Amino acid sequence: MRTFFDLKEREIAVKKQPLLLIAFLILSYFLGYLTYRRLHGESVIRLQAKLTFTFDDNYGSHYSLALPVLKEKGVSATVYVISDHVGANGQIDWGQLLELQNVHGWEVGSQSRTHKDLTKVDLETLMDEVEGSKKLLASHGLFVRSFAAPYGALNATVRAYAAKCYSSVRGVGGFNSLNVDPCSLLAMTIESDTKVETVEGWIDEAISGNKWLILLFHEIIRGVPKSRYQYSLAGLRAIVDYAVKKKIKIVNVSEGIELVKSNLIQNFSFESRADGWPDGWARSDQKAVALDLAGMGCAPYPTASVKFTVGPQAGELISNKVAVNPRLSYSGRVFVNMVNYSSGGLSLWINEYNIGGRYLGGQHAGSISGERVGFLILFVYKPSSERVVMVDLQIYSEPGSFFKAYVDNIEFGESLG
């Protein structure tokens with residue numbers, strides 16, 4: 001015998017059937033659409049929120065306590081090292097750093113030689129702290145690409161010198177967009193009174209807002225923290241567990257800054273050159289646009305860059321043509337060190353061509369102005385039509401511009417999903 005509750009459940013189930021049918025049709029359409037796009041060679045871009053664990057200041061507990069917690073969950077991290085303090089007074093030592101890198105897949109970055117506030121030192125000291133640290137770390141077999149400013153203190157001068165040696169520069173104070181300038185990374189600092197629930201909220205915000213969250217830890221201890229920059233092992237474990245549970249993509253810093261599958265631009269850092277000009281590049285005016293070998297570029301090859309010295313005469317720099325798929329999405333970025341600024345700016349235009357090489361038009365991809373340094377032009381590009389099969393990149397000064405700018409490390413390729 002059916003009860004009243006049986007009948008009500010049946011009534012509810014019947015009412016739900018049209019809704020279930022609609023949901024099924026929507027899901028079927030969506031899956032079919034994705035299949036169609038894959039079969040026709042079109043990429044489906046899925047920008048993923050990211051999370052990075054970083055550890056500063058050489059504490060031995062990074063190896064003895066943090067490593068086992070992250071290793072248990074298959075998570076790696078970036079540890080930033082004060083190179084002249086390695087192995088001193090119980091701090092992390094060279095053997096442990098090599099093990100983190102070579103066995104456990106951690107990234108080792110630099111935090112300068114002696115942890116000075118680099119915004120308050122002279123240029124000679126700045127260069128020694130930034131370059132000397134990388135050389136010392138490299139001499140011990142460490143592959144170092146990332147830099148963290150001591151105390152999070154950064155200005156344009158520090159950023160410019162750090163960019164010559166490292167692929168990323170990290171400060172403190174917030175979230176990052178997914179296409180962040182690698183020379184302007186930010187981290188959220190974990191202090192002794194930072195609640196696990198607060199960090200869980202940050203992770204949720206990164207996921208919902210498609211952001212990159214970099215967490216900055218200092219000393220990890222068992223028990224209750226007694227000073228500002230200590231954090232409990234139990235708290236770290238809870239944060240790692242929550243991140244894994246939420247299935248956010250966890251990367252080290254160098255993995256996080258990757259933008260494209262492969263760079264399509266030949267001679268992207270102007271290292272190959274003949275007769276005083278980089279191979280594969282064209283320019284409008286030799287006075288306004290010239291090769292510079294004074295080390296004003298960025299890592300990995302900072303020696304060569306292209307210098308714009310613009311005033312009444314505008315300047316243009318044009319890349320080689322590269323093949324594109326009109327069904328794919330592309331990303332790119334350009335390092336710019338702009339100085340002696342008075343007016344105007346630099347812009348990037350993407351010229352589009354058909355299979356016969358005929359010019360079809362193009363798209364404006366970005367522009368900058370003011371005295372700044374970093375990967376300042378970041379862009380996403382989708383070909384304008386099915387006829388577009390080739391493009392080149394054109395960097396040019398705007399009319400009425402007065403400034404000097406060094407351009408380097410021009411990157412363009414299929415977007416990472």
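Counting only residues 5 or more places away or on other chains, whose amide H sits under 5 Å from the amide H of G315 once H atoms are built in the peptide plane?
S397
Given charges of +1 on the Cβ of Lys and Arg and -1 on the Cβ of Asp and Glu, with all other atoms neutral, how large is the dipole of the chain about its Cα centre, in debye to the nearest 20?
1380
Do any of K73/K116; K195/K246; K261/K287; K321/K382 go past 24 Å between their Cα atoms, and which?
Beyond 24 Å: K73/K116; K261/K287.
Placing +1 on the Cβ of each Lys and Arg and -1 on the Cβ of each Asp and Glu in the range 268-417, which of S343, G413, N354 has its Cα farthest towards the positive end of the resulting dipole?
N354
Using only helices, what value at 222 nm comes out for the chain when you add -39,500 (n - 2.57) per DSSP H run of length 4 or more and divide by the total residues, to the nearest 500 deg cm²/dmol?
-8500 deg cm²/dmol
List every DSSP H helix in the chain whose Cα atoms extend 18 Å or more along the helix's own long axis and whose mean Kyte-Doolittle hydropathy is at least -0.5.
Membrane-span-like by this rule: 4-39, 123-139, 196-209, 233-246.
How would you order 298-306, 220-228 from highest to lowest mean count of nearby Cβ atoms within 10 Å?
Order by mean packing, descending: 298-306, 220-228.
Jot down the radius of gyration and Dmax of the chain, Cα atoms only, both in angstrom.
Cα only, the chain: 25.4, 96 Å (Rg, Dmax).
Using Cα positions and a limit of under 13 Å, work out the aspartates and glutamates in reach of K245, with same-chain residues fewer than 8 apart set aside.
List returned: E200, D204.
Given labels modelled 7 Å from the Cα in the Cβ direction, how far is it in nm from E191 to N325?
Simple spin-label model gives 4.9 nm for this pair.
For the range 345-402 and the range 101-119, what is the separation of their Cα centres, given in Å?
36
Using modelled backbone amide H atoms (1.01 Å from N, in-plane), which distant-in-sequence or interchain residues come within less than 5 Å of L51's amide H?
Under 5 Å from the amide H of L51 lie the amide H atoms of L213, K249, I250, V251, each far enough along the sequence or on another chain.
Laboratory data are not the source of any read-out in this text; all were calculated from the coordinates shown. Please read all numbers here as calculations on a predicted model, not as lab measurements. In this analysis, Cβ positions are derived from the backbone assuming ideal geometry, glycine residues included, and neighbour counts consider all displayed protein chains.
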